[in-house]
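**Student:** Please read through the structure below; I'll follow up with questions.
A short reminder: the numbers here are calculations on the coordinates, not readings from a lab. Model, not experiment: these values are computed from the prediction. Cβ sites come from the backbone with ideal geometry, for glycine too, and all protein chains shown count toward neighbours.
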Amino acid sequence: MKFRSLAIAALLSACSSPAPISSNPAQDVNATVAAVAPQLSATLSQGLQDAAFNLDSAIQIGVLDKTDPADSCVHGVLQQAGIETVAGAPPTQSFTPKISDAISLGSVLYIRAHQAKGLAGQSLSRLVPAGCQKIVGAIIIDGLQNLNKAGIAGAGAIIGLPLLL
């Protein structure tokens with residue numbers, strides 16, 4: 001159901017100004033969420049990047065062990081979402097589609113539908129590396145609960161949302 005909504009949003013967004021189509025469906029999901037809910041996307045993206053910085057820094061000063069799984073899990077989410085690249089890894093292949101008429105729009109809709117079909121029945125947990133769902137989920141939930149306790153507006157509402165993990 002989640003992907004059906006995202007797929008419909010992706011198809012509708014293709015009509016206005018075509019977003020790049022990449023070989024990484026998870027990256028396209030991230031772009032679709034950014035188009036549909038930019039504030040939520042920006043908050044999650046920035047929060048994950050800040051968490052990665054904090055974990056990296058804790059490892060650098062010896063508070064966390066270099067093998068602590070939380071660091072690699074957060075970086076894995078950032079990499080699978082296309083927010084962070086692995087040093088030396090080839091960039092994700094993508095192209096910006098050309099839409100000049102109904103025929104070319106139809107080809108973009110066909111491609112997006114094909115991508116959505118490949119993701120059907122899966123949750124967004126594919127953005128989280130195997131074995132990391134509990135760690136990343138705990139980081140996000142703990143953070144939101146602490147924001148809610150501190151009286152930060154909106155944190156309580158986010159806790160009530162179904163998690164994308």
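**Student:** Given points 7 Å out from each Cα along the Cα-Cβ axis, report the Asp142 to Lys66 separation in nanometres with one decimal.
**Tutor:** About 2.3 nm, to one decimal.
**Student:** Rounded to the nearest 0.05, what FRET efficiency is calculated for Ser100 and Thr43 with R0 set to 41 Å and r the Cβ-Cβ distance?
**Tutor:** So the FRET efficiency works out to roughly 0.70.
**Student:** Calculate, in nm to one decimal, what Ala34 and His114 gain on full extension: separation in residues at 0.36 nm each, minus their alpha carbon distance.
**Tutor:** 26.8 nm
**Student:** Would you mind putting 69-81, 88-100 in packing order, based on average other-beta-carbon counts within 10 Å, highest first?
**Tutor:** Put in order of decreasing packing, that is 69-81, 88-100.
**Student:** Still on this structure, I have one more. Once amide H atoms are placed 1.01 Å from N in the peptide plane, what residues at a sequence separation of 5 or more from Gly82, or on another chain, have their amide H within under 5 Å of its amide H?
**Tutor:** none
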